[in-house]
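For reference, the structure discussed in these notes is given below.
The values are calculated or read from the model by the stated rules, or taken from the named source; none is laboratory data. Quantities reported herein were computed from a predicted structural model and do not represent experimental measurements. We place every Cβ from the backbone using ideal geometry, glycine too, and count neighbours over all the protein chains shown.
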Ligand SMILES: C[S@@+](CC[C@H](N)C(=O)[O-])C[C@H]1O[C@@H](n2cnc3c(N)ncnc32)[C@H](O)[C@@H]1O
């Protein structure tokens, strides 16, 4: 079994902080097959204009540069047990050349990724071509459980193997058919059959808990809808004055420090709880905690953060920068006690 997988770049907007999720390591664990090592598929063969350095982070200063993920892993597994007996003629037909052997079994592969036209995450034909030649004999069957645009099956047929592929998304059928009809396939006597399954297969439950515990969104993306016209309902006022919305999102009022928590909570319970609110965010705001910091407006346009400042229930948060800081400082000067 061979798995092509790239590690994933976790965006802080979703995960709370930037990090790389080592998906390849997760797969290596506990799969029941013997792990036979991996190949690094270097997808970019030329240096980019920054001389190969990635300019993310505080370029050119340490320590927050990010390694460019311009490679993917090809993980190789072997099912324990006896090897199959292969006919001599088939063995001969499946032979790799010396050059192919040297190149394929080296730890690094260098060729570009495929252009993503009709299907995202399409890989170039060179990838399954190498893997199929390395690990299967002519006449054997290659299984691709995630067919996508059908690259693996197409190449398998070209290499005189049989192919079975599964694809959950019916929209790809057109691309798969197109792919099967191109190139050398029409010269090969292969019967292609599309089977549409009507009944759902119910698989046995497997006991599996991902080891990457924090690969879990801090804020689920569906809780965040940054549109102007989204009205949220406030369903709870928390002890520290944060609001809980009907999407589950927790909101702290941006740029203010509540100084009279009891009065603030009673105001919020009276005028904000169960009401619809709009949220506005700083221009470059990226949430990095398990709550968001926002400017909160009632449907009648009353600006809650500003109201709390004007009424003396809160002061300006001078420890941080935010877009409305100057406005808030002015408002605070004219604050009057309620
Ligand atoms: C990364 S793509 C494969 C791309 C393919 N190697 C190619 O070059 O075209 C993964 C595909 O798996 C499909 N998929 C995801 N879950 C599936 C499932 N449970 N059963 C079958 N296909 C699935 C997705 O719809 C997607 O098209």
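Please find, within segment 128-142, the residue that is surrounded by the fewest Cβ atoms within 10 Å (Cβ to Cβ) out of those that are more than 15 Å from residue 84 (Cβ to Cβ) and within 13 Å of the ligand (Cβ to nearest atom). Break it down stepwise before answering.
Going residue by residue through segment 128-142, those that are more than 15 Å from residue 84 (Cβ to Cβ) are 128-134.
After this cut, where a residue has to be within 13 Å of the ligand (Cβ to nearest atom) as well, the list is 128-129, 131-132.
Values: 128: 23, 129: 19, 131: 21, 132: 22.
Ranking the qualifying residues of segment 128-142, first place goes to 129.
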> Name the pairs: first residue in segment 141-159 and over 14 Å from residue 178 (Cα atoms), second residue within 6 Å of the ligand (Cβ to nearest atom) and assigned to a loop (DSSP other than H, G, I, E, B), Cβ to Cβ under 6 Å, at least 6 apart or on different chains?
Replying inline: 145/166
>> residue 146 - would you say it is modelled with pLDDT under 95, touching a helix residue (DSSP H, G or I) at 6+ places or on another chain (Cβ under 6 Å) and within 16 Å of the ligand (Cβ to nearest atom)?
In response: no
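Test residue 247 against the criterion of being surrounded by fewer than 17 Cβ atoms within 10 Å (Cβ to Cβ), touching a strand residue (DSSP E or B) at 6+ places or on another chain (Cβ under 9 Å) and farther than 25 Å from residue 231 by Cα, and give yes or no. Walk me through it before giving the result.
On the way: surrounded by fewer than 17 Cβ atoms within 10 Å (Cβ to Cβ): yes; touching a strand residue (DSSP E or B) at 6+ places or on another chain (Cβ under 9 Å): yes; farther than 25 Å from residue 231 by Cα: no.
Spelling it out, it is not the case that residue 247 is surrounded by fewer than 17 Cβ atoms within 10 Å (Cβ to Cβ), touching a strand residue (DSSP E or B) at 6+ places or on another chain (Cβ under 9 Å) and farther than 25 Å from residue 231 by Cα.
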> Is there a residue being touching a helix residue (DSSP H, G or I) at 6+ places or on another chain (Cβ under 6 Å) and within 16 Å of the ligand (Cβ to nearest atom) anywhere in segment 162-173?
Replying inline: yes
> Here is a list of conditions, (1) closer than 19 Å to residue 42 by Cα; (2) near the ligand (Cβ under 8 Å from one of its atoms); (3) in contact with a strand residue (DSSP E or B) (Cβ under 7 Å, 6 or more places away or on another chain), and residue 110 meets all of them except one; can you say which number that is?
Replying inline: (2)
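Residue under question is residue 274, and the condition is that it be under 22 Å from residue 230 (Cα atoms), touching a residue at least 12 places away in the same chain (Cβ under 8 Å) and in the same structural domain as residue 230 (by TED's automatic domain parsing); does it hold? I'd like the intermediate steps shown before the answer.
Details: under 22 Å from residue 230 (Cα atoms): yes; touching a residue at least 12 places away in the same chain (Cβ under 8 Å): yes; in the same structural domain as residue 230 (by TED's automatic domain parsing): yes.
Yes: the conditions hold for residue 274.
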